[in-house]
């Protein structure tokens, strides 16, 4: 199992890759440019929002909460509160619904959220003080909840971008936080949170099976409300996103491995928010490969991580959080069909991209697989179809791919007939 130090190193590597700016590498405090290229489209709008520059913030939290990773095992945790009172703010933290919006709208969603910060040791989740207890209570809600924060100073937009989580708006240390309305908590969430004998993995799977949105599960996992009582702790949001993806996928792998193989080759794809996810399914025992390409104008060789039928024993630290984020939808799709297949997932990031987190890969993969695949009988036909859906030449993808080399080199018993 990876240590917290490994997690921090991986987070840094993912931020530097995802935020292509050579000046700040995702840390806006290091920037010396007059205009941030990632924020230019909303900079004027943000500057005009006087309600984001107050030490007292009152509004309907989506609900939302964020736990940072820097300083682990002492982290910064707090609610996400927009200064909006009479609007439906649920969309501001509901990644499952974001593909229908464009990039400027998504940035406005996230930069509206004022992030309160309270420094706490991760084990404080077991015996929370009033501030952390309020954060946890709000995180359990399924509907927007009126929240008021008193901050130590005017919030500042410091480091909006994150490796795996969506960006956040201005932040400041919390002096006090109150819920001004009663949270609407699903009964299943209340039951699972109250069960201090239920391991975290089983709790995540239980909530997922009962239809609780993945963003909601991730939020309550992050604020330390799942697991046996003596093991509960705050989990940095970016780590909890990947942990939930991985927990849910592991529950599906054994199920999928018991199903028959698909009959031929299938290709599916979806494009949105300046990304494309293209998926090749092939008739084999379940194995998986994720390839990711950035800066396409430089004709790159994609990065990749993979697993054969035996699975992985280490974190996919080359591709990072995009690996479990796309592996889960593939397993969901195969389980729903009661079929088994190997999968190669190609992810392209285009020049007009703004870093928004790995949710977009997960949701694009789900859309691609839900709208139907093109089915062909040979690998050559499948490769041709895949190539038509990607901008980077297919030979670049195959130079990086381990599973494609495996498929090309594999001999079947019929070859000897």
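All of the numbers you see were taken from the coordinates with simple rules; none came from a lab. Note that the structure is predicted; figures quoted are calculated from it, not measured. Neighbour counts run over all protein chains shown; Cβ positions are idealised from the backbone, glycine included.
Key figures
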{"quantity": "Tensor-based shape of the chain (alpha-carbon gyration tensor, a/c under 1.5 rounded, otherwise prolate or oblate)", "calculated": "prolate"}
{"quantity": "Helix 322-337 axis, angle to the chain major axis (alpha carbon atoms, nearest 10°)", "calculated": "60"}
{"quantity": "Helix axis angle, 359-370 relative to the chain longest principal axis, alpha carbon, degrees", "calculated": "40"}
{"quantity": "Order of 109, 161 - criterion: other Cβ atoms within 10 Å of each residue's Cβ, fewest first", "calculated": "109, 161"}
{"quantity": "Over the chain: helical MRE at 222 nm, DSSP H runs n ≥ 4 each giving -39500 (n - 2.57), nearest 500", "calculated": "-10500 deg cm²/dmol"}
{"quantity": "Whether region 171-301 is rounded, prolate or oblate, judged on the alpha carbon gyration tensor where a/c under 1.5 counts as rounded", "calculated": "oblate"}
{"quantity": "Residue 173 versus residue 85: modelled label distance in nm, points set 7 Å from Cα along the beta carbon direction", "calculated": "2.9"}
{"quantity": "Computed FRET value (nearest 0.05) for residue 94 with residue 285, which takes r as the C-beta separation and R₀ as 45 Å", "calculated": "0.80"}
{"quantity": "Sites residue 255 and residue 231 - FRET efficiency at Förster radius 35 Å, r taken between beta-carbons, to 0.05", "calculated": "0.85"}
{"quantity": "Max mean-square fluctuation residue, GNM over the chain, Cα-Cα springs under 10 Å, options 288, 308, 221", "calculated": "308"}
{"quantity": "Estimated FRET transfer efficiency (residue 148, residue 105; beta-carbon r; R0 22 Å; 0.05)", "calculated": "0.25"}
{"quantity": "Residue among 128, 63, 166 with the largest mean-square fluctuation in a Gaussian network model of the chain, springs linking Cα atoms under 10 Å", "calculated": "128"}
{"quantity": "Relative contact order [Cα under 8 Å, 6+ residues apart], the chain, whole percent", "calculated": "16"}
{"quantity": "Region 320-417: relative contact order as a whole-number percent, Cα under 8 Å and 6+ apart", "calculated": "29"}
{"quantity": "Packing-based ranking, highest mean first, of 266-274, 386-394 given that Cβ atoms within 10 Å are counted", "calculated": "266-274, 386-394"}
{"quantity": "Cα radius of gyration and Dmax for region 87-216 (Å)", "calculated": "15.8, 44"}
{"quantity": "Length-normalised contact order for region 65-219 - Cα pairs under 8 Å, 6+ apart - percent", "calculated": "25"}
{"quantity": "Region 260-416, Rg to Rh (Cα coordinates; Rh as Kirkwood inverse mean 1/r)", "calculated": "0.94"}
{"quantity": "Prolate/oblate/rounded call for region 190-242, Cα gyration tensor, a/c under 1.5 rounded", "calculated": "oblate"}
{"quantity": "Region 314-339 and region 216-246: distance between their alpha carbon centers, rounded to Å", "calculated": "19"}
